[in-house]
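Below: the structure, in structure tokens.
Taken together, the values in this text are just the output of simple stated rules run on the coordinates, not laboratory data. The shown structure was predicted, so the numbers you read here are calculated from the model rather than taken from an experiment. Here the Cβ is made from the backbone with ideal geometry for all residues, glycine too, and neighbour counts use every protein chain on show.
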């Protein structure tokens, strides 16, 4: 059991111990209550008791991944849902879109300065549930547009065209 606190509670689910420790340090010193876990199974166990206000989630954990945590959150959603900030080494647009569609409201690629993550956490915690949903939809639209631009056929600029 976790004792009640006035501080905002942040669950950090990250399998890289150094990143987990640095994030926990920065968040704790910014007056957040932090609980850190090393895999998705521990995250799923901790969520009901810790009742985080926000989850920082790595996708590439083993044996239970961040993707599985997102699926669990969707199946066992609270109202309003817990905001999720994905922090992943994957820079693929398809993973980012998939993350937003699975319920995340922010996606940050590693490596990132811990102070940037702390400020993003602060900003996200000021949003209402409706604003979180709007942000999530905006991020999905942005990533889909970017993916469409990247995948659009481009003219071959190296083809010599003789003009008459």
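A few comments on the model shown:
- Computed from Cα atoms, the angle from the helix 66-75 axis to the main principal axis of the chain rounds to 70 degrees.
- Angle between the chain longest axis and helix 129-151 axis [Cα atoms, degrees, rounded to 10]: 30
- Between 0 and 90°, nearest 10: helix 40-50 axis offset from the chain longest Cα axis: 50
- The range 9-149, relative contact order [Cα under 8 Å, separation at least 6], %: 21
- Base-10 log of normalised Debye intensity for the chain (one unit scatterer per alpha-carbon) at q = 0.11, 0.12, 0.20 Å⁻¹: -0.46, -0.53, -1.39
- Residue order, fewest to most surrounding Cβ atoms within 10 angstrom, among 61, 146: 146, 61
- Residues 132, 151 arranged by fewest to most Cβ contacts within 10 Å: 151, 132
- Euclidean distance between Cα centres, the range 117-153 to the range 38-105, Å: 15
- Calculated [θ] (222 nm, deg cm²/dmol) that DSSP helices of n ≥ 4 give over the chain, each run adding -39,500 (n - 2.57): -15000 deg cm²/dmol
- Alpha-carbon Rg/Rh ratio, for the range 13-76, with Rh computed the Kirkwood way: 0.96
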